[in-house]
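The values are calculated or read from the model by the stated rules, or taken from the named source; none is laboratory data. Fair warning: this is a prediction, and the values are worked out from it, not measured in the lab. Cβ sites come from the backbone with ideal geometry, for glycine too, and all protein chains shown count toward neighbours.
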Amino acid sequence: MAKSRAQIAESVSAKLKTAKPENIHGVIGFDGFVDEIIAVVDKRYSNRNFDRIATITDFAARAAQAAGKSANLELVVKTQKLGGNGPIMANALAAIGVKLTYIGNLGFPQVHPVFQEFADRVEVLSLGEPCHTDALEFDDGKLMLGKLGPISDISWELILERVGQNRLDKLLSESQLLGMVNWTMIPSMNDIWEQMLRFTLPQLPADRRILFVDLADPEKRTREDVATGLKILSQMTKYLEVILGLNLKEAQQIAEVLHIRLPADVESELAQLATDIRQAMNVHTVVIHPRSGAAAATASGSASFAGPFIQQPLISTGAGDHFNAGFTAGRLLGFDLDEALCLGTATSGYYVRHAKSPTHLELAGFCHDLPQPEF
């Protein structure tokens, strides 16, 4: 008999109360951004009072009206925070209690001030200066305007120069999790994966070890690049339990590259799409997380979970990275697939309501009375 949503959430809550995430060690890389969370002004009434442009559709219409003319769009910075798929996911995992080493662009030779609190919580091995993102947030999504200069320098050679082969091998051999995210914005990631496949992964002890990968919207990369990356991930399954995390748009893009026919209503058949992608790639797990919930597939079967979606989040930038952290933590802690989906959506749901990364005990309380989705 299938468990209800409430039963799954209550099981997750109970397991979290006795969980020992501090016994897990992970290595995450390689990006690093300073994020500015921004509202776009629609109408200003005073120096502190204004209406914001509420939707991407309205923003697009305002921009279109400027064609052949010009426009002055005011951006109000609500907050500055650490950014990048890697740091946000790692920060969320650290809040849950996982011990982490982060390798990435957090400032060199000194860590950028926005990452200092993060660096106090995890071991940091910085590769270079961070990039910058203007995150324009709207009710129906966000526009991430990235200034990517330093990320182009990330390479296998730079990692070895800053970290060293022996140190890298030791870190990975002692870790249960390897996370490599933001594939799209790191041009050399396919080469990094190939070098790891050739020199590093064959040397690892034959223990259970998860590789989590987030492609991070590969639309701007060529189909050939994407296909090559997917092929390398398939080869990594010889050494690692590969989990490919996708949002809805990314899942559709990957399905196209893999020549998988999309259903008419993709969101209603997420579990089947995750199954099809997993079978085509022959990886351990594919998980897909639209805003309303999530679905995942392994060789043993698939599962879906309706998350605690909220119409008016306090913050949305980083929600997907928090889902990735929660789902991965659940799998590392031995949770069933549906329970890991619950933990992923709960981690994201807590974050967008409170604008902070939850501890595992805060998640236990949140899951005990998991909010119903708002549609």
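Quick notes on this structure:
- Test result for ALA92, out of contact with any strand residue (DSSP E or B) (no Cβ under 9 Å at 6 or more places or on another chain), part of a helix (DSSP H, G or I) and crowded, with 22+ Cβ neighbours inside 10 Å: yes
- Residue within region 69-89 that is among the hydrophobic types (A, V, I, L, M, F, W, C), under 18 Å from PHE327 (Cβ atoms) and modelled with pLDDT of 95 or more present: yes
- Per-region count, region 35-54, residues touching a helix residue (DSSP H, G or I) at 6+ places or on another chain (Cβ under 9 Å) and at pLDDT 95 or above: 3
- So ILE232, is it outside any strand (DSSP E or B) and under 29 Å from SER316 (Cβ atoms): no
- Restricting attention to region 244-293, the residues that are buried (at least 17 other Cβ atoms within 10 Å of the Cβ) and among the basic types (Lys, Arg) total 2.
- Test: HIS259 is over 18 Å from PRO218 (Cα atoms) and out of contact with any helix residue (DSSP H, G or I) (no Cβ under 7 Å at 6 or more places or on another chain): no
- The set of residues from region 300-325 being within 14 Å of ASN85 (Cα to Cα), in contact with a helix residue (DSSP H, G or I) (Cβ under 8 Å, 6 or more places away or on another chain) and not acidic (Asp, Glu) comprises SER316, GLY318, ALA319, GLY320, HIS322, PHE323, ASN324, ALA325.
- Filtered residues of region 184-208 (kept if in contact with a helix residue (DSSP H, G or I) (Cβ under 7 Å, 6 or more places away or on another chain) and more than 17 Å from GLU157 (Cα to Cα)): THR184, MET185, GLN203, LEU204, PRO205
- Any hit, region 257-269, residues being at negative phi, in contact (Cβ under 8 Å) with a residue 40 or more places away in the chain, aliphatic (A, V, I, L, M) and out of contact with any Ser or Thr (no Cβ under 6 Å at 6 or more places or on another chain): no
- When residues of region 336-360 are limited to those that are in contact with a helix residue (DSSP H, G or I) (Cβ under 7 Å, 6 or more places away or on another chain) and hydrophobic (A, V, I, L, M, F, W, C), the one surrounded by the fewest Cβ atoms within 10 Å (Cβ to Cβ): VAL352
- Qualifying residues in region 45-78 (those that are part of a helix (DSSP H, G or I) and hydrophobic (A, V, I, L, M, F, W, C)) - the one nearest to GLY141 (Cα to Cα): ILE56
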